[in-house]
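Asker: Quick one: the structure is below, and I'll ask about it shortly.
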Amino acid sequence: MPPQNQALTADDNDSNNLLKGCKETLDSSTSTETTKHFQVKWFSDWEGYGCVASRDIERYTLIHIETPFIKGDQISNALKLHNNGQLTSQLDDTEYLKQICGKSDEEIERLWQLHDQYEHKYKEQPSTKRLWGIISSNSFENHEKNFQKRLYMATSRFNHSCSPNVAYEIVGWTIRLYAMREIKAGDTLCISYSDVMYHFPSEKRKKYLLGGFNFDCACNACDSSIDPAMRMKSDDNRERLKKIAIELKHRVNATLYSSEFCVQVKEVVDRVSCVREQPQGEREVTEEDKLRKREELREKARLRKLSKVTPIGQSDIDLISQYIALLEEENINFDMLPIYKLAYHISWKAGTTSNPPREYWEEKYLELVRCAKGFGESAALASLQNID
């Protein structure tokens, strides 16, 4: 799934076998209608394999549908057995996949061709992949099925970008991938490995991905060759996104910003940066520190006042509109269903004079949910009215 940080060795036969395995996986897990849009391709020793568009793809085109190779208890039990020291080798993993998951030798062989970010760390069996490592590197989870993990063979070949051109939705156990903008034949198809990481500047994103997924991100949004002025503008846009998300959290209880995830990001970034917090009192508090603290307190007080006094109205619609415009400018509009739904409910509460009106957001949401989730008209309308 992630681009690989260590060099890989693969002769032509290995490459052909892997591509054959991926093609078989596509044929077995999807219909012809969705597999015609992309192919798996070898990029380089550093990047590994990825997916490229095999034709021009229009916005909101369904690219791929897939059911899990393994899921739920199959994964959680495998991780428990690994942690308990009962699965100690690839041979043990293979036996588990055969006996417990009912997988054939051919299916298991295709599994070992997926990326394992910990492969270089196995002291007893160097260069040997493990089931827990492949799960940790490639599995998905969301609120569907109570956050149980699931592993998709073909979807695991989509690499990461901080400004992806492909989005996904999970409906039950099934994952649906679709184009978020027009894509040309030959373009690399990328998803985002984290749906709220877009609030962070490029340096912090790179460190988080290095610490969490073991690769140095060089996507279009993080490439070191980007003009410094453009990078600064992008980082400023993402900081503005974060501030709007926090304000909407106070105003309408929006969940665009997760303080828990920010703590997680900080822990990973600190670990990568080898930063250790100094004991309290070791560093003298500067005037700049005091000023920053006062500004933080003023901002918290302002947000509390907004949430308690000012009724929901046009200013809130303006905020969510700004948020969406920034997402589109940064090409990070890959998780728009909850955002369009939020805009719809804000405009509903704001009243009939809101601009844009709630009908505008309703149309945006319904257009996307039909593609993203495959809903019919009645199910789409019901999902819009339901408040998460």
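Asker: Which count do you get for residues in the range 136-150 that are touching a helix residue (DSSP H, G or I) at 6+ places or on another chain (Cβ under 6 Å) and open to solvent by less than 40 Å² (accessible area, probe 1.4 Å)? Reasoning before the result, please.
Answerer: At the first step, the residues of the range 136-150 found to be touching a helix residue (DSSP H, G or I) at 6+ places or on another chain (Cβ under 6 Å) are 138, 141, 148-149.
Still in the running and open to solvent by less than 40 Å² (accessible area, probe 1.4 Å): 138.
Residues that pass the stated criteria total 1.
Asker: Does the range 117-133 include one or more residues that are under 22 Å from residue 46 (Cα atoms), free of Cβ contacts under 8 Å to residues at least 40 places away in the same chain, crowded, with 16+ Cβ neighbours inside 10 Å and small (Gly, Ala, Ser)?
Answerer: yes
Asker: For the structure I just gave you, tell me whether residue 105 is open to solvent by less than 50 Å² (accessible area, probe 1.4 Å) and of a type in the set (D, E, K, R). Don't jump to the end; show me each part of the working.
Answerer: On the way: open to solvent by less than 50 Å² (accessible area, probe 1.4 Å): no; of a type in the set (D, E, K, R): yes.
Here the answer is no, as residue 105 does not meet what is asked.
Asker: So residue 355 ticks every box in (1) open to solvent by 40 Å² or more (accessible area, probe 1.4 Å); (2) in a helix (DSSP H, G or I); (3) free of Cβ contacts under 8 Å to residues at least 60 places away in the same chain; (4) not hydroxyl-bearing (Ser, Thr, Tyr) but one. Which box is left unticked?
Answerer: Unmet for residue 355, out of (1) open to solvent by 40 Å² or more (accessible area, probe 1.4 Å); (2) in a helix (DSSP H, G or I); (3) free of Cβ contacts under 8 Å to residues at least 60 places away in the same chain; (4) not hydroxyl-bearing (Ser, Thr, Tyr): (2).
Asker: Starting from the range 73-94, take each residue that is under 21 Å from residue 140 (Cβ atoms) and list its partners that are among the small types (Gly, Ala, Ser), counting only C-beta distances under 8 angstrom and pairs at least six apart or across chains.
Answerer: That search, which allows pairs on different chains as well, returns 75/139; 93/78.
Asker: Right, here's the next one. Does any residue of the range 191-207 turn out to be assigned to a strand (DSSP E or B) and not aromatic (Phe, Trp, Tyr)? Can you show your working first?
Answerer: Start the filter on the range 191-207 by keeping residues that are assigned to a strand (DSSP E or B), which leaves 191.
Applying the additional criterion that residues be not aromatic (Phe, Trp, Tyr) yields 191.
Taking every residue of the range 191-207 in turn, at least one turns out to be assigned to a strand (DSSP E or B) and not aromatic (Phe, Trp, Tyr).
Asker: So is residue 229 of a type in the set (Gly, Ala, Ser) and either part of a helix (DSSP H, G or I) or touching a Pro at 6+ places or on another chain (Cβ under 8 Å) (or both) or not?
Answerer: On the way: of a type in the set (Gly, Ala, Ser): yes; either part of a helix (DSSP H, G or I) or touching a Pro at 6+ places or on another chain (Cβ under 8 Å) (or both): yes.
In short, yes.
The values are calculated or read from the model by the stated rules, or taken from the named source; none is laboratory data. Predicted model only: the values in this text are computed from it and were never measured. When we count neighbours, we look across all protein chains shown, and the Cβ atoms used for this are built from the backbone with ideal geometry, even at glycine. Only protein heavy atoms, including side chains, enter the accessible area calculation; ligands, DNA and RNA are left aside. Shrake-Rupley method; radii C 1.70, N 1.55, O 1.52, S 1.80 Å.
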